[in-house]
1. Over all alpha-carbon pairs in the range 63-217, figure out the percentage whose distance exceeds 24 Å.
2. Do any of K53/K157; K88/K157; K109/K210 go past 19 Å between their Cα atoms, and which?
3. Treating the Cα atoms of the range 178-217 as identical point scatterers in vacuum, please give the log10 of the normalised Debye intensity I(q)/I(0) at q = 0.20, 0.26, 0.32, 0.34 Å⁻¹, two decimals.
4. Under 14 Å from a label point 7 Å along Cα→Cβ of T55: give me every residue in the range 162-176 with its amide N that close.
5. Show me, for the range 82-94, the HN-Hα J-couplings you get by feeding each phi into the Karplus relation (A = 6.51, B = -1.76, C = 1.60, θ = phi - 60°), rounded to Hz, glycine and proline as x.
Amino acid sequence: MKSIKKISLVALAAILSISFTAAQVGIQAGYGTQTRNFENPELISMGSILGDKFTLSGFHVGPVADLAIQGPISLQYGLFYNYLTANKNVLGADVKITSHAIDLPVRVKAHFPFGNGLGAFVFAGPNFNYVAAELIDIDGERFTMPGQQNESVYTWKDGDDKKYYSPFDLQLGAGAGLQFQGLSVRFSYDFGMLDKDNSENGIWKNNDMKIGIAYTF
């Protein structure tokens with residue numbers, strides 16, 4: 001896990017060091033969903049409370065860039081803020097989860113022009129995800145694990161001072177879109193590669209889907 005995080009940070013630094021003056025830049029916004037899959041949840045876990053699978057939905061927004069490499073091939077990347085929520089009735093109580101996360105997708109893109117400014121494209125590559133905060137409300141009141149000082153579930157620790165969940169995720173995904181001059185419609189789906197549950201047997205992986213509209217200048 002630590003080596004993956006180090007590699008990811010190096011990749012992040014490399015992407016951010018690319019000059020935006022050499023790329024087409026713009027902004028993207030749209031709809032997003034996240035499907036959470038739990039296996040072997042321990043007694044104290046979201047999986048044991050919410051079931052083996054559930055979905056959050058919301059929106060994403062942020063800057064995008066497209067750096068030409070050669071011919072129809074380019075490097076497509078962005079930095080998105082994600083706001084996702086889910087509501088579920090658990091034993092008669094209304095449970096609401098609110099997630100605030102950051103995405104850094106890095107994709108290799110191939111563009112296929114049709115003429116008159118219209119074209120299609122496909123892309124694939126990793127997405128680096130970090131959850132800044134995740135909050136749980138039960139019947140309208142904020143829930144905090146007993147003995148914990150902070151509200152975000154990613155700050156909760158067990159008796160050995162070990163965090164229950166990891167806020168970092170590495171995903172691999174692909175997508176496609178249509179483009180007319182600087183305006184494009186994009187679809188992407190990313191599969192979670194890392195186990196976010198730090199318990200011995202529990203497994204928690206996220207898959208994310210986005211549909212967005214982007215405009216590059």
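1. Numbers: 5483 of 11935 pairs.
Of all Cα-Cα distances in the range 63-217, 46 percent exceed 24 Å.
2. Details: K53/K157 23 Å; K88/K157 24 Å; K109/K210 16 Å.
The answer is K53/K157; K88/K157.
3. -0.66, -0.84, -1.00, -1.05
4. No residue qualifies, since no backbone N sits under 14 Å from the label point.
5. 10, 10, 10, 9, 8, 10, 8, 8, 10, 6, x, 9, 8
Here, each number is a calculation from the coordinates, and none is a lab measurement. Given the structure is predicted, the values throughout are model-derived calculations rather than measurements. Cβ atoms come from the backbone with ideal geometry, glycine included; neighbour counts cover every protein chain shown.
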